[in-house]
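Notes to accompany the following structure.
The values are calculated or read from the model by the stated rules, or taken from the named source; none is laboratory data. Treat the numbers as computed from the prediction; the structure is a model and nothing was measured. Glycine gets a Cβ as well: all are built from the backbone with ideal geometry, and neighbour counts include every protein chain shown.
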Ligand SMILES: NC(=O)c1ccc[n+]([C@@H]2O[C@H](COP(=O)([O-])OP(=O)(O)OC[C@H]3O[C@@H](n4cnc5c(N)ncnc54)[C@H](O)[C@@H]3O)[C@@H](O)[C@H]2O)c1
């Protein structure tokens, strides 16, 4: 199959869809790979490294899109890329269709086969292509909290590691899934006293078994939340109710319990945030103050660490991508249920129900198995 990796064009997006090791794997499986000139530079990957792995470097995005049967990307195709999509092309990337009617209609019209990273789901309910970004954001969260505890940013001026004779910070983590457990690992590593609240007792048991003694997994309820907020220097929001907006666990009035200059890092902001006073911010303007509490609410945290994120993502997408390239979208999806769940649009049909429901497009729905037989 002819596989193409165009350069990402979304503002401040430095990740890229393929790393050289992935290119090499596709080539070894007999596929041809084209990479747009400079596509990897934001992640520290040169054109020469792609060439050494067996890719052909092409000058423009148009050449990549027009010359490929399968496109591997990171972000959803933007408006200027809709025209570049080729009829019947397989596009393998994050799509988030339910938030983007224009993109949905463009993919329907072009009869794109859209495999959305965010809905590729294994039998046990896990989302293997979302996980690496939660791992990155989770590990970043205490580091961002630590940085913005600095006095110049409105923070308390407390060094969270502690120094000889001075206590370290208290870090409160809300939610102990991928983000929360990764955040706990890093915060514990720099010496903070970590409290992690979750409603799932099995999760708490697991955290208790694997984390060091400076992490206390505690059942989340109104009492433990209030106590945790009073003591915290850094609060990390990491709750998720799958498929729903994040519950607003920390209310505006809770801020009055918190220490002036404490920092909230609301990682769950991409689902609306789990703090009532959170609103999405950007890497270029990441924080603001409410009632003396610093809020960091960047919705695409992993973009800041593009090199780590690119490698973490490509390491995970490679396995499913190879299967799609080797077997084609029909056989690939039919042989791998995780990919079948990842198929959102195929041959002019929406195959992922929540997308139809978002836009009143029920008439365009066809179950994935039926749509796959419809070409
Ligand atoms: N801002 C970013 O750049 C970025 C990057 C990656 C992930 N995220 C977001 O971070 C959030 C967490 O992702 P994840 O992968 O860790 O999810 P996850 O499903 O692995 O974990 C969520 C945890 O929240 C817990 N939870 C649910 N309701 C709760 C409540 N009321 N109180 C306490 N705990 C509760 C669940 O039991 C679960 O353990 C998601 O919204 C995700 O989209 C944001």
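On the stretch given as region 269-286, residues that are more than 8 Å from the ligand (Cβ to nearest atom), closer than 28 Å to residue 129 by Cα and in contact with a helix residue (DSSP H, G or I) (Cβ under 6 Å, 6 or more places away or on another chain) total 3.
With respect to the conditions (1) farther than 19 Å from residue 94 by Cα; (2) in contact with a helix residue (DSSP H, G or I) (Cβ under 6 Å, 6 or more places away or on another chain), residue 292 falls short on a single one, namely (2).
State yes or no: is residue 110 surrounded by fewer than 18 Cβ atoms within 10 Å (Cβ to Cβ) and over 21 Å from the mean Cα position of the chain (by Cα)? When the stated conditions are applied, residue 110 does not pass them. So for region 204-224 (the condition being over 29 Å from residue 150 (Cα atoms), in contact with a strand residue (DSSP E or B) (Cβ under 6 Å, 6 or more places away or on another chain) and surrounded by fewer than 20 Cβ atoms within 10 Å (Cβ to Cβ)), does at least one residue qualify? Scanning region 204-224 turns up at least one residue that is over 29 Å from residue 150 (Cα atoms), in contact with a strand residue (DSSP E or B) (Cβ under 6 Å, 6 or more places away or on another chain) and surrounded by fewer than 20 Cβ atoms within 10 Å (Cβ to Cβ). The set of residues in region 135-147 being away from the ligand (no atom under 11 Å from the Cβ) and surrounded by fewer than 23 Cβ atoms within 10 Å (Cβ to Cβ) consists of 143, 147.
Among 49, 32, which is at pLDDT 95 or above and either in contact with a strand residue (DSSP E or B) (Cβ under 9 Å, 6 or more places away or on another chain) or buried (at least 17 other Cβ atoms within 10 Å of the Cβ) (or both)? It would help to see each step written out before you state the result.
Values: 49 fails: either in contact with a strand residue (DSSP E or B) (Cβ under 9 Å, 6 or more places away or on another chain) or buried (at least 17 other Cβ atoms within 10 Å of the Cβ) (or both).
So the residue among 49, 32 that is at pLDDT 95 or above and either in contact with a strand residue (DSSP E or B) (Cβ under 9 Å, 6 or more places away or on another chain) or buried (at least 17 other Cβ atoms within 10 Å of the Cβ) (or both) is 32.
Given the criteria under 24 Å from residue 320 (Cα atoms), crowded, with 20+ Cβ neighbours inside 10 Å and in contact with a helix residue (DSSP H, G or I) (Cβ under 8 Å, 6 or more places away or on another chain), does residue 74 qualify?
On the way: under 24 Å from residue 320 (Cα atoms): yes; crowded, with 20+ Cβ neighbours inside 10 Å: yes; in contact with a helix residue (DSSP H, G or I) (Cβ under 8 Å, 6 or more places away or on another chain): yes.
When the stated conditions are applied, residue 74 passes them.
Restrict the check to region 219-233 and report whether at least one residue is in contact with a helix residue (DSSP H, G or I) (Cβ under 7 Å, 6 or more places away or on another chain), within 16 Å of the ligand (Cβ to nearest atom) and within 30 Å of residue 119 (Cβ to Cβ). Within region 219-233, none of the residues are in contact with a helix residue (DSSP H, G or I) (Cβ under 7 Å, 6 or more places away or on another chain), within 16 Å of the ligand (Cβ to nearest atom) and within 30 Å of residue 119 (Cβ to Cβ). Residue count for region 157-202 satisfying the condition of being in a loop (DSSP other than H, G, I, E, B), surrounded by fewer than 24 Cβ atoms within 10 Å (Cβ to Cβ), without any contact (Cβ under 8 Å) to a residue 60 or more places away in the chain and away from the ligand (no atom under 11 Å from the Cβ): 9. Quick one: in region 68-120, of everything that is at pLDDT below 95 and not assigned by TED's automatic domain parsing to the domain that holds residue 324, which residue is farthest from residue 364 (Cα to Cα)? Step by step, filter region 68-120, then rank; the result is 118. Put simply, of 64, 91, 58 the only residue that is more than 18 Å from residue 309 (Cβ to Cβ), buried (at least 23 other Cβ atoms within 10 Å of the Cβ) and more than 22 Å from the chain's Cα centre (by Cα) is 64. Within region 110-131, track down each residue that is touching a residue at least 40 places away in the same chain (Cβ under 8 Å) and closer than 21 Å to residue 69 by Cα. Result: 111, 112, 113, 114, 115, 116, 117, 120.
If the condition is being outside any helix (DSSP H, G or I) and without any contact (Cβ under 8 Å) to a residue 40 or more places away in the chain, then region 220-241 contributes 221, 241. Inside region 249-278, residues that are surrounded by fewer than 17 Cβ atoms within 10 Å (Cβ to Cβ), assigned to a loop (DSSP other than H, G, I, E, B) and more than 18 Å from the chain's Cα centre (by Cα) make up a count of 4. When residues in region 304-342 are screened for being closer than 16 Å to residue 373 by Cα and touching a strand residue (DSSP E or B) at 6+ places or on another chain (Cβ under 6 Å), 2 of them pass. Just need a number here: residues in region 87-134 that are part of a loop (DSSP other than H, G, I, E, B), farther than 13 Å from residue 320 by Cα and either away from the ligand (no atom under 12 Å from the Cβ) or touching a strand residue (DSSP E or B) at 6+ places or on another chain (Cβ under 7 Å) (or both). Within region 87-134, residues that are part of a loop (DSSP other than H, G, I, E, B), farther than 13 Å from residue 320 by Cα and either away from the ligand (no atom under 12 Å from the Cβ) or touching a strand residue (DSSP E or B) at 6+ places or on another chain (Cβ under 7 Å) (or both) number 11.
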